[in-house]
Amino acid sequence: MRTLFLTIPAHNEEKRIGKTLEAYSRHFEEARGKYVSDYEILVVIDNTQDKTEDIVKKFSSKNKRVRYLSFKKGGKGFAVIEGFKEGLKNNSDLIGFVDADMATPPEEYMKLINSINNYDGAIADRYLRGSKIYPPVTFRRLIVGRIFNFFVRALFIMPNKDTQCGAKIFTNNAIKKIIGKLSMSQWAFDVDIIHNMRKHGFRIKSVPTVWIDKEY
């Protein structure tokens, strides 16, 4: 069994972060000693203007495996990179991130942990057979997503069908090798991670997932 370090980037998430932390910490507590030897959840609060930090601070007082960092700088890329750095400091075996809205339920994230095995990374893929999206996406949104992924795959010679799903996990060694290469790009941050993983010869497994679209 391996240790897990999960980063949750959070920008103005006061309406959702409490439920997300409750669900993920409960699930990981049940998994501790069975699927992971231990875990830590780090909420990286970036440039928030609401009560996100107060909610996370209160929750972390109840569960010492949950902590947070708060920055004035904004952006998902920045937040995830800072989380990765903390995961490396802790020498965690598996280092990943998930979006704060819980579009990826904890049991679906656990599938990534259980699927990584001898791979260097595992990412949730909403377009694989066996995946389910609720509610079903509109035809227009499906086409837009597929076109984006087509151009990404063609430009970077990338086999992964879904680069943008906000649930990914990697080995400590892989993150250590690519951390200095990652930028804080917003729209292409996930592409940046996968592209650098492939440049270094790391193997990534795409895993079918259940994804629940969340309105803000």
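Which one is nearest to A100 (Cα to Cα) among residues in the range 1-47 that are of a type in the set (F, W, Y) and assigned to a helix (DSSP H, G or I)? Across the range 1-47, the extreme among qualifying residues is Y24.
Consider G77 carefully, then state whether it is at pLDDT below 95, closer than 28 Å to D120 by Cβ and not aliphatic (A, V, I, L, M). When the stated conditions are applied, G77 passes them. Only strands (runs of 3 or more DSSP E) whose full extent lies in the range 62-131 are considered here, and the ones with at least 2 residues that are under 20 Å from H200 (Cβ atoms) and open to solvent by less than 60 Å² (accessible area, probe 1.4 Å) are 94-98, 121-125. Has the range 48-58 got at least one residue that is assigned to a strand (DSSP E or B) and among the charged types (D, E, K, R)? The answer is no, given that none of the residues of the range 48-58 is assigned to a strand (DSSP E or B) and among the charged types (D, E, K, R).
The values are calculated or read from the model by the stated rules, or taken from the named source; none is laboratory data. Quantities reported herein were computed from a predicted structural model and do not represent experimental measurements. Please note: Cβ atoms are built from the backbone with ideal geometry, for glycine as well, and neighbour counts cover all protein chains shown. The area values use the complete protein model at the heavy-atom level, side chains included, leaving out ligands, DNA and RNA. Shrake-Rupley method; radii C 1.70, N 1.55, O 1.52, S 1.80 Å.
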